[in-house]
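K.L.:
One structure coming up, written as structure tokens, with questions to follow.
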Amino acid sequence: MLNSRSLFLLGMLAIFSSQYSYADTFTDGGDAYKAGDFTTAAKKFLEVAVKGDHRAMYALGSMYAGGQGVDRDYKKAYLWFSKAAKYGRLDAQYKLGLMYNEGLGVPQNYKRAARLYFKPAKKGYALAQFRLGLLYAKGHAVKQSKVKAYAWLLAAKQNLDKVSRRNMGVSTDIGQEKGNLFNNVDTNLITVELETIKKDATPEELQEAMLLAQEYSQY
């Protein structure tokens with residue numbers, strides 16, 4: 001007959017075995033994705049996402065947004081991004097903001113988009129910084145400001161350059177495809193936006209923006 005200590009150890013063993021199984025399944029999904037077998041990848045991610053794996057939740061959201069291995073479905077993408085965001089994932093919060101920004105799967109709402117961008121932007125997430133810069137440039141849900149627009153865009157470019165150097169320019173994000181709005185942003189696009197603002201800004205505004213960008217890029 002098993003004593004309480006033995007039962008406890010068996011229980012812990014079951015938990016650890018389950019965790020390792022989750023990790024293996026997620027890895028299998030990642031390997032399938034890299035091999036171009038998106039259908040298998042989606043099935044593997046779903047298997048562990050329903051059991052609480054936030055990595056798989058985010059991956060599924062990205063695949064539904066991109067229509068990879070599953071039919072493109074922005075409502076399901078929103079569902080999985082929302083679940084992943086509850087774990088504090090900055091990338092999931094950013095993509096929820098993007099969905100509100102563009103009205104994908106949800107009614108367009110710039111105020112919600114801005115709120116969702118702010119948290120990851122203030123933690124150095126470059127893509128959110130880029131989108132926040134665009135909101136300030138256009139005055140959507142925030143008071144239009146060339147200074148803040150330029151500062152956020154410059155911080156985004158600097159942070160993306162760091163990431164590109166670290167990853168040698170190779171994106172490992174799930175859901176990347178040509179023409180997909182959810183793709184990572186090319187720094188050349190940010191440069192164009194910066195030049196557009198620069199043409200209409202005064203030297204004083206640019207100086208203020210540069211100082212503010214230093215603050216933003218250090219988040």
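K.L.:
For residues that are of a type outside the set (Phe, Trp, Tyr) and within 21 Å of the chain's Cα centre (by Cα), tally how many sit in the stretch 135-158.
P.N.:
11
K.L.:
Could you list, in sequence order, all residues of the stretch 100-130 that are of a type in the set (D, E, K, R) and surrounded by fewer than 17 Cβ atoms within 10 Å (Cβ to Cβ)?
P.N.:
Those that are of a type in the set (D, E, K, R) and surrounded by fewer than 17 Cβ atoms within 10 Å (Cβ to Cβ): Glu102, Lys111, Arg115, Lys119, Lys122, Lys123.
K.L.:
Among Gly133, Gly97, which is outside the structural domain of Tyr64 (by TED's automatic domain parsing), under 25 Å from Tyr64 (Cβ atoms), of a type outside the set (A, V, I, L, M, F, W, C) and surrounded by 17 or more Cβ atoms within 10 Å (Cβ to Cβ)?
P.N.:
Gly97
K.L.:
Also, quick follow-up: Looking at the stretch 193-213 only, could you name the residues that are closer than 17 Å to Leu127 by Cα and at pLDDT below 95?
P.N.:
Once the filter is applied, which keeps residues that are closer than 17 Å to Leu127 by Cα and at pLDDT below 95, the stretch 193-213 yields only Ala213.
K.L.:
Residues to consider are Ala92, Ala59, Ala42, Ala77; find the one that is at pLDDT 95 or above, part of a helix (DSSP H, G or I) and over 17 Å from the mean Cα position of the chain (by Cα).
P.N.:
Ala42
The values are calculated or read from the model by the stated rules, or taken from the named source; none is laboratory data. Here the structure is a predicted model, which means the values were calculated and not measured. Please note: Cβ atoms are built from the backbone with ideal geometry, for glycine as well, and neighbour counts cover all protein chains shown.
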